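The values are calculated or read from the model by the stated rules, or taken from the named source; none is laboratory data. Here the structure is a predicted model, which is why all the values come from computation and not from measurement. Neighbour counts are summed over all protein chains in view; Cβ atoms, including those assigned to glycine, are modelled from backbone coordinates with ideal geometry.
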Amino acid sequence: MRGFTYRRWQSISSSIQGKIFLAFSLVALLSIFSVSGIVYVNMRETIKSNAVTSVSDSIRQADESLNIMLEEIDRLNTVVVINKNTVIDTLLSPSEEISHEWFQEQKRIEEFLSSLIAYKPYIKRIAVVALNGKVFFSGGPWIDRTFLDTPMMDYMLRNGSRHAYLKQEGGPETISVGREIRYDHETIGVVLVDLNYDFIRKTYGVKPTADSMLYVLDQQDEFIYQSDQMPAFAPSETKIIDLRREYAASSGGEAVQKKIEGRQYIVVSQQSEYTGWTTFALIPLDSLLTESANLRRLLLEAAAIVLLIVLVGSLKVSSRITLNLRRLQSMMMLVKDGNLTFPKKEIKTKDEVGQLYHVFIGMVEELQRLLEGIRVSEQEKRKAELTALQAQVRPHFLYNALNTIKYLAKLNGTPNIEEVSGALIDLMRGVLGNANEYLTVREELEYVRNYLAIVKYRYMEPIALIEQIDDPALLNCPIIKLTLQPIVENAVLHGIGSRMEGSVTIRVYEVDGDLMIEVEDNGKGISEEQIEQLLGGQGEMGDSSRFSSMGVRNVHERITRLYKEPYGLKVYSEVGRFTKVTIRFPKLGEAVAEPEGMR
């Protein structure tokens with residue numbers, strides 16, 4: 001029994017069905033586990049990225065909120081410092097305490113201070129402390145002249161030339177913002193505003209995970225704020241200070257993964273440009289990625305189930321594909337023997353075998369229609385030859401009719417009709433009678449002259465054509481047929497129009513081995529938007545050319561399609577003054593021979 005099973009498996013594995021099954025199994029295995037791995041890695045990185053983004057945004061918003069409050073406090077300090085009548089004069093007053101003048105001064109300055117902090121719940125106290133011992137304040141807690149001998153007063157005097165920020169310790173925590181009061185280039189006191197510390201706690205209460213830590217340090221490595229509930233493994237304050245100095249040396253401002261005291265953290269830093277304080281958020285990587293372990297287990301279970309389903313399905317599909325292949329093989333053998341009317345065993349599947357069946361049946365039917373198709377093809381060929389002959393007859397008839405008009409105009413003494421007819425004959429002979437794709441620059445200029453000879457009678461004013469040829473040999477260089485005439489026509493119709501003393505200047509020169517042709521008119525010019533429409537595929541600025549369906553954009557597309565960059569058209573214009581079109585061609589050498597067109 002075991003030998004029979006082995007032989008059966010060996011037979012299956014050597015057949016197409018076995019090969020398809022094995023191929024499906026391997027592809028499914030690799031695909032499922034690759035996708036699972038990619039999804040897991042992406043989800044892991046997404047969790048980290050979302051945490052970093054959330055913390056960064058929260059820190060930035062906290063800094064912005066704090067900066068707004070500090071800017072408001074700085075403005076209050078500035079108002080106090082520059083107030084001479086109420087503040088400076090009171091501090092310099094010789095009146096002593098427990099006097100009528102002293103009470104009046106105290107009442108006036110305290111009312112002034114109270115008005116400054118009214119309706120500002122984030123301010124606990126504002127105080128003015130003079131070096132002569134006078135102290136005035138509004139809010140709490142109490143402050144008196146003993147403040148003069150504190151380290152905080154000394155810090156404010158050393159750093160308060162503009163503003164000084166300091167966290168008070170030893171009592172109710174608060175952030176103090178102070179500034180010197182100067183008069184006659186001398187310091188006479190300080191103004192001090194205390195910010196409620198609860199505002200700091202609410203502002204920086206950012207914790208993406210339960211054991212995350214957040215620190216705010218000033219430039220003197222003092223802790224302005226740190227999270228209230230620290231985990232047992234929190235880094236020491238010395239390590240946080242070293243971290244601040246490290247980030248200050250490298251300008252900080254980024255999120256990095258860093259190992260601190262044996263534990264991996266995602267460190268998000270932000271330095272306030274206003275206060276100079278540095279904010280650190282430390283997110284333990286293991287706690288942040290706790291969910292990724294559950295995700296990995298779920299992905300493995302899902303991958304195993306999907307793989308099992310794919311294996312069973314591939315076995316069924318491979319068996320079905322093999323059956324249809326045998327049917328298709330039998331029909332092909334009949335066709336090989338020359339039997340095109342064999343009985344067709346229809347294969348209704350929509351997979352590759354079903355498509356192959358329909359293609360095969362189509363090929364057989366096409367073979368049956370081959371003789372009929374050859375006969376129809378011969379008839380169409382004769383019709384095409386007749387149409388080509390008619391196409392040759394029509395231009396001859398048109399040229400003969402125009403020549404008759406020209407002859408009659410000459411007999412009747414109407415030179416203008418004779419000139420227009422002759423120019424039209426030459427122009428149409430070049431367009432319809434010349435089958436060559438290339439013409440020389442000289443021939444293109446002749447088309448332009450013929451066109452201007454015709455169009456001048458429309459505006460009743462001659463349009464001057466100025467030709468500037470740097471080297472006469474360039475006139476023999478071949479260029480794509482019908483290049484200049486559409487551009488000149490566009491200049492006449494949309495630039496010059498009926499403008500008096502209109503002119504078109506055509507310059508032919510050579511740059512870096514390339515042929516350059518400039519067409520410039522003194523018309524009304526076009527805007528940048530119109531230039532983009534002219535070359536950008538949104539149509540031209542008016543009706544298409546009267547003598548050709550190809551306009552300026554068509555010329556540009558033909559050149560770029562044939563020669564690629566940097567060849568093609570460039571348009572320069574100044575509204576009300578001029579429009580200039582620069583055409584760049586590769587210099588092709590000797591001119592192509594003029595074809596024997598219809599003369």
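The table for this structure:
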{"read-out": "Filter result for Asp228 (of a type outside the set (Lys, Arg), assigned by TED's automatic domain parsing to the domain that holds Val267, assigned to a loop (DSSP other than H, G, I, E, B) and in contact with a strand residue (DSSP E or B) (Cβ under 6 Å, 6 or more places away or on another chain))", "value": "no"}
{"read-out": "Candidate set: segment 318-338, residues that are of a type in the set (A, V, I, L, M) and modelled with pLDDT under 75; chosen: the one surrounded by the most Cβ atoms within 10 Å (Cβ to Cβ)", "value": "Ile321"}
{"read-out": "Criterion: out of contact with any Cys (no Cβ under 9 Å at 6 or more places or on another chain), at positive phi and among the hydrophobic types (A, V, I, L, M, F, W, C) - qualifying residue of Leu465, Leu475, Leu482, Leu535", "value": "Leu482"}
{"read-out": "Count of residues meeting criterion [surrounded by 11 or more Cβ atoms within 10 Å (Cβ to Cβ) and within 22 Å of Tyr122 (Cβ to Cβ)] in segment 132-146", "value": "6"}
{"read-out": "Which numbered condition Leu307 misses (of (1) more than 30 Å from Ile32 (Cα to Cα); (2) more than 37 Å from the chain's Cα centre (by Cα))", "value": "(1)"}
{"read-out": "Unique match (being in contact (Cβ under 8 Å) with a residue 60 or more places away in the chain, part of a loop (DSSP other than H, G, I, E, B) and not hydrophobic (A, V, I, L, M, F, W, C)) among Pro141, Pro121", "value": "Pro121"}
{"read-out": "Boolean, Glu173 is within 26 Å of Val81 (Cα to Cα) and at pLDDT below 80", "value": "yes"}
{"read-out": "Residue match in segment 195-207 (condition: closer than 30 Å to Gly139 by Cβ, part of a strand (DSSP E or B), touching a helix residue (DSSP H, G or I) at 6+ places or on another chain (Cβ under 8 Å) and in contact (Cβ under 8 Å) with a residue 40 or more places away in the chain)", "value": "yes"}
